[in-house]
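The values are calculated or read from the model by the stated rules, or taken from the named source; none is laboratory data. Being a predicted model, the structure only gives us computed values, none of them experimental. With ideal geometry, Cβ positions are generated from the backbone for all residues, glycine too; neighbour counts draw on all protein chains shown.
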Amino acid sequence: MCAVLATLLLIILPHAAFGDSGCFWLGTAPVCKPDPCPAGTTEVAQSRKTQTRFADFGGGCWYWYSKRLCCNNDVVHDDPYRQCSLCAGCKYGTCPAGQLFLFDQIIEDHVYAPLCCIDGALAIN
């Protein structure tokens with residue numbers, strides 16, 4: 001069942017949803033309980049509310065739920081859960097030198113924490 005759903009998602013999702021980055025958000029607000037990322041992709045992160053550089057995030061999720069950021073396997077070069085983390089001391093939209101900015105996690109109104117990945121972990125434009 002999951003394999004069929006994953007295949008259908010890859011077929012019906014427009015190419016623009018992936019953008020130039022090769023990444024997209026999976027999940028529908030407000031419940032946001034998505035299946036795992038489809039075959040051929042890797043889960044990079046989860047977020048319940050964010051400002052993102054990727055395809056439209058859409059509406060935010062209820063408190064206990066989140067959407068998945070899935071990226072095509074060809075752009076994932078290392079384990080995102082080991083190489084990426086929220087940067088609590090960073091300004092909105094920025095990461096330390098040598099790190100790639102992915103998105104701003106919205107912690108609460110007007111409080112953001114960028115998700116940053118060590119350069120080379122992901123090959124994202």
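Structure values in brief
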{"item": "Hits in segment 87-111 (condition: surrounded by fewer than 19 Cβ atoms within 10 Å (Cβ to Cβ), not in a loop (DSSP other than H, G, I, E, B) and not aliphatic (A, V, I, L, M))", "result": "Phe101, Glu108"}
{"item": "Pair list, Cβ under 9 Å, 6 or more apart: segment 109-125 residue modelled with pLDDT under 85 and of a type in the set (A, V, I, L, M, F, W, C), other residue surrounded by 20 or more Cβ atoms within 10 Å (Cβ to Cβ) and not in a loop (DSSP other than H, G, I, E, B)", "result": "Ile124/Cys23; Ile124/Cys71; Ile124/Leu102; Ile124/Cys117"}
{"item": "Odd one out for Pro30, checked against (1) surrounded by fewer than 19 Cβ atoms within 10 Å (Cβ to Cβ); (2) out of contact with any Phe, Trp or Tyr (no Cβ under 6 Å at 6 or more places or on another chain); (3) not hydroxyl-bearing (Ser, Thr, Tyr)", "result": "(2)"}
{"item": "Filter pass, Tyr65 being over 21 Å from Val111 (Cβ atoms) and surrounded by fewer than 20 Cβ atoms within 10 Å (Cβ to Cβ)", "result": "no"}
{"item": "Any chance Leu115 is farther than 20 Å from Leu26 by Cβ and surrounded by 12 or more Cβ atoms within 10 Å (Cβ to Cβ)", "result": "no"}
